[in-house]
Structures are given as structure tokens and as C-alpha cells.
Amino acid sequence: MSQSLNFHVTRSDRPRSAEERARILEKPGFGVHFTDHMVAVRWDKDGGWHDAEVRPYGPIALDPAAAVLHYGQEIFEGIKAYRHADGSVWTFRPDANGRRLQRSAARLALPQLPVEVFVESLKQMIAVDKDWVSDAEEASLYFRPFMIGDEAFLGVRGAHQASYYVIASPAGPYFAKGVAPVAIWLSTDFARAAKGGTGAAKCGGNYAASLLPQQQAQAQGCSQVLFLDPVEGRYLEELGGMNVFLVYGKRNTLVTPALSGSILEGITRESILQLARDRGMTVEERQVTIDEWKQGVASGDITEVFACGTAAVITPIGQLKGEGFSVGDLEAPAGEVTLSLRRELTDIQYGRLPDRHGWMLRLDA
Ligand code: PLP
Ligand code: COI
């Protein structure tokens, strides 16, 4: 099968005015506004990928019997475009997201989108919606590529028809308070993923399962929920939408839960591990119990904790709360390892530091 597709472009005849766009970009929030265009690519079992297009942003027509509406056959990605000081527009490790989309597709019995088409789909979006990439500090354009099984058939099997889409949303900080430390809630009633389940895939169903515990977290004044392993309920896995790191300051060590098969293989996580190794820190990917966290914070061995992901970048965790306990101090300032890793990562993404690992790809050339 050919690894490239020609995109047919239909420009919106009602794009937002420059004034309206500027008003949105001034205070974009996260995931509330969308650009003027979207990408759509069709797939079917006999013909493979075809009918690639860029078209005006708008509703998708689905047959009421479409697989995604009944059996949740959906996967997605999250990846950002960053504007550099010279006006050029770049993205971060798109091949890694493209490969993860393929792994998610394999798990959800969806077709493999060639990584070249994934990368091209982002370039196509920038070709029409580049003006939506803000030059404000820490602003970005968040792409949401996703794929659905949309064959109209109620038998339970992988759909023989699917569609891939990309939409884009101008993004400020994911958390309302920006880089300020957040509180997180330990869920002991619910697991996010099961052994042999879909935890390592980026599929909508995982997030559906996290919404009730996320509501409980919010009811406790916390911004995210922390899940433990689904078998013993002792080991840290991840947050509803982010990976988690512990900093042992005195040992110059960074610890994160090992990929267990039920954790999402975060691209930010992997990049932070690399940056930490580069600066001579010891990195440990291993099992971490919840007691290690509680005791380490109490003893002062764990000096910082942070969450990371494309949307969250690196966000300090000030406090961990759960049924009958609380550790950490939400009022304490963010730790210096957290802030310096965040600065280094964002300096690479915004072109302020050399890209020594070849992570950046220009989208507008
Ligand atoms: N874990 C979950 C459940 C996520 O939704 C995300 C966000 O994408 C991550 C981790 C972090 O992944 P990445 O760094 O690739 O964005
Ligand atoms: C991301 O960071 O890209 C995510 O997908 C996390 C969340 C917003 C769902």
C-alpha cells in the first residue's frame, strides 16, 4: 500500500475573522475553541486508506449503527504545534505519536494509519490554519487526531470501515492555575485499566472509565485522579490523563512507574527520562508503592512530585489526598527539579534551546 495520500483541500468560506481569532487566542483555555478546518481520511477493508481531505470544521454524519457508537471503537492522540520566535511552526516527536496511534489501533482492531500520513495530516492542518498557532508565551495549538470504526453493523467485530480525523484547538495551560502545584486524589474504589485490558492504548473507553473517579477527585478539591495497579491495588500507575514522577532530591534520582502494560507510554514521560539522564540524574523505571510515596514525602526523601503529558506539560503535584489521609503541602512552591525540567523541555519545544535529540519537526515548510 502506498505510504502517502493526496489531500483534497476545500477551504472554509466562513473562516473566523482575524479579530475574532485574536480574541480567542488571547484566552484560549483548553479544548474549547477549534480552528476553521479539519482533516478526514476514509478507510475500508477492501480499499485501504483513501479520500484524504482537508475541509471546513464541522459535524460528522454517522449512521446510528456505526460501531463507535455501540462498542466504543475509538482511539486518539494529543500533540501540539509550537510557534518559534522567527514565526515558523514546529511539532514535537510526531513519529512517536504516529507509532503510538498504530499500537492503539492494533489493540482496538482498527486499521494502521501509516506514520507518514499521520505527519502529513498535521502539516495539512498547518497549511490552512497556521494563523491559529499563537505566538504568546506557553501557548500552542493542540491537535487531536482520532480514529473511529464507523461501519454500520451491530455484530461485535472490528469494523470494516473506519475514519481518521484531525481537529485542532488553541491551547493555554491545561490547569486553570497554570504551573501552580495541583492536588490529586487517590482512587481506591476504581481502577483505570485491567491486566490484559486497554490501559496502554489511547482509546476513549479508558477515559470514559476515569470520569466517575475524576468527578470524585473534583468533589474533594483535587484536579486529577491517581490510579493504582488493578491487581494488587498497591503500585502507582498514572493519573487520569498524565504520567507521574517522584523526585528524590538528595539522591539526584527521578522515579516513575515502569510501563506495566496498563499504563500509557507517554511521550513526555520518555522525553523527561532522556533529559534527566542527559543531566546526570539517576532514573528508575520500576514499581512504586503508594506507601513509598507517603513515607518518602513524610521523611523528606521525596522532595518533589510532578505530573506530565502533552496537555499538562510538567505540572507540580503539591498534595496527594485519599480516603482519610493527605500528604504534601499545596501551598509550598513548585520544586526546582520540576521547574528546570519543565523549562528545558519547553525551551526545546519553542526553539529556545538546540534540539539535540532531533525531536522537533517543522510543519510549515
Ligand atoms: N497518560 C494518560 C492516561 C494520558 O492521557 C496522557 C496524555 O496524553 C499521558 C499519560 C501522557 O502522554 P503524552 O506525554 O504522550 O501526552
Ligand atoms: C494529552 O495530554 O494529550 C491528553 O490526551 C490528556 C488529556 C487532555 C486527555
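The values are calculated or read from the model by the stated rules, or taken from the named source; none is laboratory data. Since the structure is predicted, the reported quantities are computational estimates derived from the model, not experimental observations. Glycine also receives a Cβ, built like all others from the backbone with ideal geometry; neighbour counts cover every protein chain displayed.
Counted as qualifying within the stretch 252-365 are the helices (runs of 4 or more DSSP H) with 1 or more residues that are under 28 Å from Arg234 (Cα atoms), small (Gly, Ala, Ser) and within 16 Å of ligand 1 (Cβ to nearest atom), namely 267-278. Against the test of being within 15 Å of ligand 1 (Cβ to nearest atom) and over 30 Å from Val327 (Cα atoms), the options Pro170, Pro145, Pro213 yield a single qualifying residue, Pro145. For the stretch 325-339, state whether one or more residues are in the same structural domain as Val255 (by TED's automatic domain parsing) and out of contact with any strand residue (DSSP E or B) (no Cβ under 9 Å at 6 or more places or on another chain). No, because not a single residue in the stretch 325-339 is in the same structural domain as Val255 (by TED's automatic domain parsing) and out of contact with any strand residue (DSSP E or B) (no Cβ under 9 Å at 6 or more places or on another chain). In summary, strands (runs of 3 or more DSSP E) completely within the stretch 23-113 and bearing 2 or more residues that are within 16 Å of ligand 2 (Cβ to nearest atom) and under 24 Å from Phe175 (Cα atoms) occur at 74-76, 79-83, 89-92.
Does the stretch 163-181 contain at least one residue that is of a type in the set (A, V, I, L, M) and free of Cβ contacts under 8 Å to residues at least 24 places away in the same chain? Let's see the steps before the verdict.
The first filter runs over the stretch 163-181 and keeps only residues of a type in the set (A, V, I, L, M), leaving 166-168, 171, 176, 179-180.
After this cut, where a residue has to be free of Cβ contacts under 8 Å to residues at least 24 places away in the same chain as well, the list is 176.
Within the stretch 163-181, one or more residues are of a type in the set (A, V, I, L, M) and free of Cβ contacts under 8 Å to residues at least 24 places away in the same chain.
When the stretch 73-94 is filtered for residues that are within 23 Å of Tyr207 (Cα to Cα) and within 16 Å of ligand 1 (Cβ to nearest atom), the ones remaining, listed by number, are Glu74, Ile75, Phe76, Glu77, Gly78, Ile79, Lys80, Pro94.
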